[in-house]
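Input: a single structure, listed below in structure tokens.
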Amino acid sequence: MDIRELLAGKLSEEELRKVKRAFDIIGDIAIVEIDESLREKRKIIAEAIMKVHKNVRVVCSKAGPVTGEERIRPLEIIGGENRTETIHTENGCRFKLDISKVFYTPRLANERMRIARQVREDEVVVDLFAGVGPYSILVARLAKPKLVYAIDKNEFAYHYLLENIKLNKVEGRVRAFLGDCREVVEEQRIMGADRVIMNLPKQADHFLDVAFKIVKNGGMVHFYYFLREEELFEGAFKIIQREAGRFGRRIEFLEARKCGELAPGVFRVVVDFEVNP
């Protein structure tokens, strides 16, 4: 039985059509989008979700858009336990996080695995916007990198990143740093990276200079960005080529693909490119 079937008789036909069947589940927390006209029925909807999805213990409603560099979305608990912390399992890794304080999307699980499978033994990987560690920790567990530098400026994300490194037993392969990636790279003198991960699609273009400074010749960069359909993928190519020119680096585009939709006609894209002198 799906949610709409369970709500039949409790909501009108018009209201039922506004109930969204698709939503994210992170750990045991469901994050749903409730139409404003259904606000008075939100607790009934939450109860139905928990009946259909037996593993869900908390239901949160989106209370606004994702904002700021740290990409936090305001949430309202509308059902279940009064908490926003959970442990999410993805690709064999476990991630402890508070969905009200850090950014996390389960929709990139396949993309994260795609990147991790490219990492070769003894690579040095730099994750410039690591969050709670979904890229860094998966890379450390799946591949055999020499070292993964995991950087984030959100103190809450950094706290959970440290916990998750221990939780997944990758202490010897992942080093976590709190701060702006540009400052951390300078302070730690990080150079000669085989691979740089740039998963900050709204602002990654502002940090391409960091990537070009630290990536070695023959190294790889995974650049995430938001583009409108009419810009695919040339909008990203132009930005990358312009910044490469500033550093006298030659680039080869290896792959460009969509990996999510931010809004109708606006896509999250990833561009994989190799950097040479």
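Read the figures in this text as sums done on the coordinates, not as results from a lab. What you see is a predicted model, and the numbers here were worked out from it, not measured in a lab. With ideal geometry, Cβ positions are generated from the backbone for all residues, glycine too; neighbour counts draw on all protein chains shown.
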For the chain, I need the span (max minus min coordinate) of the C-alpha atoms along each principal axis, in Å, sorted largest to smallest. 67, 44, 28
Which log10 I(q)/I(0) values, to two decimals, does the stretch 3-83 give at q = 0.20 Å⁻¹ under the Debye formula with one point per Cα? -0.87
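For residue 203, what is the net charge nearby, where nearby means another residue's Cβ is under 14 Å from its Cβ and Lys, Arg count +1, Asp, Glu -1? Intermediate values should be presented prior to the final figure.
Working: positive: 71, 153, 182, 202, 268; negative: 69, 70, 152, 180, 205, 209, 243.
Value of the local net charge: -2.
How fast does the stretch 99-228 diffuse by Stokes-Einstein, in µm²/s, taking the Kirkwood radius from C-alpha pairs at 20 °C and 1.002 mPa s? Mind dumping the intermediate values first?
Details: Rh = 14.5 Å.
The diffusion coefficient I find is 148 µm²/s.
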Efficiency of FRET between residue 166 and residue 263 - r from beta-carbon atoms, R0 35 angstrom, step 0.05: 0.40
Can you give the Kirkwood hydrodynamic radius for the stretch 99-155, in Å, rounded to one decimal and based on Cα pairs? 11.7
Derived scalar couplings ³J(HN,Hα) [the stretch 211-223; Karplus, 6.51 cos²θ - 1.76 cosθ + 1.60; whole Hz; x for Gly, Pro]: 4, 5, 6, 9, 7, 7, 4, x, x, 10, 10, 10, 10
Roughly what would the spin-label model give for residue 203 and residue 39, points 7 Å off Cα along C-beta, in nm? 3.0
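Hey, could you get me the Stokes-Einstein D for the stretch 77-118, Kirkwood radius over alpha-carbon pairs, 20 °C and 1.002 mPa s, rounded to whole µm² s⁻¹?
On the way: Rh = 11.9 Å.
So the translational diffusion coefficient is about 180 µm²/s.
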Using alpha carbons only, how many degrees (0 to 90, rounded to 10) separate the axis of helix 234-246 from the longest principal axis of the chain? 30
With a cut-off of at most 13 other beta carbons within 10 Å, and DSSP calling the residue loop, which trypsin sites (Lys or Arg not before Pro) in the stretch 171-277 qualify? Please list them. 189
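Mind listing which GluC sites (Glu not before Pro) in the stretch 1-104 are in a DSSP loop and have 15 or fewer other Cβ atoms within 10 Å? The partial results should precede the final answer.
Working: sites: 5, 13, 14, 15, 33, 36, 40, 47, 69, 70, 76, 81, 85, 90; in loops: 33, 69, 70, 81.
Counting only loop positions with at most 15 other Cβ atoms within 10 Å, the GluC sites (Glu not before Pro) in the stretch 1-104 are 33, 69, 81.
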Pulled fully out, how much extra length does the chain show between residue 13 and residue 109, if you take 0.36 nm times their separation in residues and subtract their Cα-Cα distance? 31.1 nm
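For residue 246 and residue 153, what is the calculated FRET efficiency with R₀ set at 25 Å and r taken between the beta-carbons, to the nearest 0.05?
The formula returns an efficiency of 0.55 here.
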